[in-house]
Structure formats: structure tokens, C-alpha cells
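Data block below; observations after.
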Amino acid sequence: MPYSENAEFIRLFQAYTGSATSIGAHFGQTAGRAAAGDPLIVATGFDIALYPGGGAPPTIEGYRLSNRGFKETAAISHLGPALATLAWLREHGPDGVWRADAQELLDATRATREANSVALWRDEIAAPSFVGRAESIAAMVDYACRLTERFLERSLADESYLTAERLRADYLEGPAEGLPVPFNRVMVATFFLTGMDLGHRLISWFDGLDLPWERAMVVIAGRQGRPTAGVTLDSNSVAGVILAASRGRLPSERLLIAPHAPVFPMHDGGNTEAVQALEHDYRRLWSSMTAMSALGEPMFAGYPRFKPEARNLTELTPDTRSVHQMPAVSGPTDWLALTTRLRVVLEDPRQLLSGAVTDYASAQLVQNANRPEAVTVPGLDGEPYPALQAENPAVHAGAPPPD
């Protein structure tokens, strides 16, 4: 027989929750009023807003669209997975599909190498955190493109060459002749540069706000990266930067990740009305979620209480066979940990692909007074990249190395 909800039970259900006049709603509203004067930070996939409290208008910082060089460095980062995908397609895909894709990748890589120059990174992209490294970055990009072209050309000439084994030996890891820098290091370097730029700008912004971090309310709202990514504290790179910017003063339990929370429209530097309109909703969300924990002690005194686990990254050894989170990085030459992080972001759907080393980059910035020039970029600084090769010296600074 058809089911019909019982009216009396529904009334009881709604007495605590499910309506704007319920006990739960009054609970959230009361908790929200108590925190109305506390600073509220809301990060979406593109912007971060600070609501100072007391009805003051928000201050907004765009961090994705203003991330200069993000797509350029990501284009180089993607070359490794692109070649691995081609090898998989050659073995498992429809006949010949890999070949057309390989040719397109080869043509795009050649065009990128031609467009690459010191001037591009120094004068056009001109990311503040890249200052002083334009020649090194241009040389790394030139090397990465030439290495990729060589691998693709050989694969197109002899498709039996396009295997995972050859990819690891001749391109990603080595040892192989003509591989002074394994491409794994290029991927770490490009991810680190992206993370360092994001961290540098956000840390600078937060430092200028002089926040009472101990009272700050933080919400990471909406989707971050791919649909399954960034839903935990350890996998959300923006959350990691915010915690780093607080210099340990922000209690981790005051930072909520809310993938289903409303997201204010992308801010373009114009009016803040659309951002300000959601302040009440964000404050009510944060307050009602965190206030719920206040019921734990009166209801369950004597039972173990919940305490967020401190972020304690696993330290790898040569015998480590698997990890359940990002491993700790002991320094810029800890290639076991750094390369393992590349694998983790591919295999763990919770991770942001570009966030492989963002937390490490942010921590290094904090340790060095937010001075990017004082930070060692693993995979870039000190690596033996050949000097930038160029057919047009007027466009590309640097002389080609001798044969």
C-alpha cells in the first residue's frame, strides 16, 4: 500500500530540525550572534573573502585567475602524465588513436618551445615569486620540451618503444644517457613554483590583515579542483596555505571544508554586494556546525572526547611500500618523498593534482619570512639544465650549448 508520512511524527521531527522555527534553527542563530564580531574567512575555488565582522564590508582577494603562470607551468607538468597516457592508449585504446594524439602533443610541444623565452617569464608572466629565476625557468622549459619531443619522435618512428618501462628509464626517472635531469624533477619544480606563487600572495595578503587568528572562522566553500578533491584538511591545498599563513595560531577545528556550501560569484574587482549578501549564511553555517560540539560534554561526559588529529606526515624509508597520505618532505633533495607525492596525487582521488607540494612550498615560505628568493625550488635550483637553446637569439636570451 502507498506510504504516507505520519503528521504527528513529522511535527516531532520538525520541532528539532527541518524548519526555520525549530530548536536547531534557534541554536544556530544564537551561536551565530555570539560570533557576529569575529573575523570570517571564506575561500571559494577562485577568491578568498574576509568578513571583518560587525557588519563591515568584506575584503576580497582573487587567487586563481591572478595566479600568473599557472597554466604555463601546468602545461609542462602535464607532459609526464600525457606520455604515460599515450603508452596506455597504445596498449589498450582503439587502433591508431594514440598516434594522432601523439602527433598533436608533439606539435604543441614544439610550438611551446618556440614561444618559451627568458623575456616571457621575466616580463610577460612576471609572477612576483618568480623574480630572479626567469633564466632558470626558461632553461628548464626548453629542456622539458626537447626531452618530450625526443621521446615522442622515437615513439612515432617505432611504436614498440612507447612502453611504461621505457618511459620510466628514458624520461621520468633514468638512469639513461642524455637525461641529466629526470622529468620527475621537472614536474616537482613546476608544481612547486605554482604552490609557491599561491602561498606567497596569500601569506602576504593575510599578513597585511593582522588577524586575530585564534578567533577566526574559516570556511572553504564549494568545489576545489576535480569533483572528489580537496574535501579533507590534508588534501585541500588552500586550507594548507591558510593554516601556514596563521603561523600555527589558527586551531584546525575552526577551519571547515564545506563542498556543498553556497559559493559567491567570482569577484572581478567590482562591487562586493554579491559577496556581502552571503555573509549571514556563511556565519550561520560555521556557527551551527561548530556549536554542535558544545553538546558533547553535557551529553557524554566521561566518554572519550573528539580531538582532531595533528597533521603528522609519514616519513618514508627505502622499505616503505604504501602510504595513506602525503609523506613528509625532509628537504629539497628528498626525492623519495617528493616523487612519491607525484604518485599520491594521481592515485588518491581526494587530492588536488596541482597540490602535490603546495603545503611544503608554503611551509618553506613561512620559514623564510615569505621571501621566495630565499626558498630552494626542488627540481629547478641547482639542477644541471643545459643553457637555453634557441634558433632566434634575439627572442630567446642565452646561447645554445656546444654539440
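Structure above, values below:
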{"quantity": "Residues (surrounded by 16 or more Cβ atoms within 10 Å (Cβ to Cβ), assigned to a loop (DSSP other than H, G, I, E, B) and of a type in the set (A, V, I, L, M, F, W, C)) located in region 264-281", "calculated": "PHE264, LEU278"}
{"quantity": "Selection within region 372-384 - under 19 Å from ALA127 (Cβ atoms) and either at pLDDT below 95 or over 20 Å from the mean Cα position of the chain (by Cα) (or both)", "calculated": "GLU373, ALA374, ASP381"}
{"quantity": "All positions within region 282-297 that are more than 28 Å from the chain's Cα centre (by Cα) and either exposed (fewer than 14 other Cβ atoms within 10 Å of the Cβ) or more than 11 Å from GLN29 (Cα to Cα) (or both)", "calculated": "MET292, SER293, ALA294, LEU295, GLY296, GLU297"}
{"quantity": "Single unsatisfied condition, GLY53 versus (1) under 20 Å from GLY199 (Cβ atoms); (2) in contact with an Asp or Glu (Cβ under 8 Å, 6 or more places away or on another chain); (3) at pLDDT 85 or above", "calculated": "(1)"}
{"quantity": "Region 247-261: number of residues that are part of a loop (DSSP other than H, G, I, E, B) and more than 17 Å from PHE46 (Cβ to Cβ)", "calculated": "6"}
{"quantity": "Candidate set from region 140-178 (those that are outside any helix (DSSP H, G or I) and modelled with pLDDT of 95 or more); member that is farthest from TRP121 (Cα to Cα)", "calculated": "ASP158"}
{"quantity": "Every residue from region 94-138 that is under 29 Å from ARG154 (Cα atoms), of a type in the set (Gly, Ala, Ser) and part of a loop (DSSP other than H, G, I, E, B)", "calculated": "GLY96, SER117"}
{"quantity": "Positions within region 240-275 being without any contact (Cβ under 8 Å) to a residue 24 or more places away in the chain and within 18 Å of TYR360 (Cα to Cα), in sequence order", "calculated": "LEU243, GLY248"}
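For (1) surrounded by 11 or more Cβ atoms within 10 Å (Cβ to Cβ); (2) at pLDDT below 95; (3) more than 24 Å from ARG133 (Cα to Cα), each residue gets a yes or a no:
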residue: GLU315; (1), (2), (3): yes, yes, yes
residue: ASP319; (1), (2), (3): no, yes, yes
residue: GLY331; (1), (2), (3): yes, no, no
residue: ASP334; (1), (2), (3): yes, no, no
residue: THR339; (1), (2), (3): yes, no, no
residue: PRO349; (1), (2), (3): yes, yes, yes
residue: GLN364; (1), (2), (3): yes, no, no
residue: GLN367; (1), (2), (3): yes, no, no
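The values are calculated or read from the model by the stated rules, or taken from the named source; none is laboratory data. The shown structure was predicted, so the numbers you read here are calculated from the model rather than taken from an experiment. All Cβ positions, glycine included, derive from the backbone under ideal geometry; neighbour counts span all protein chains shown.
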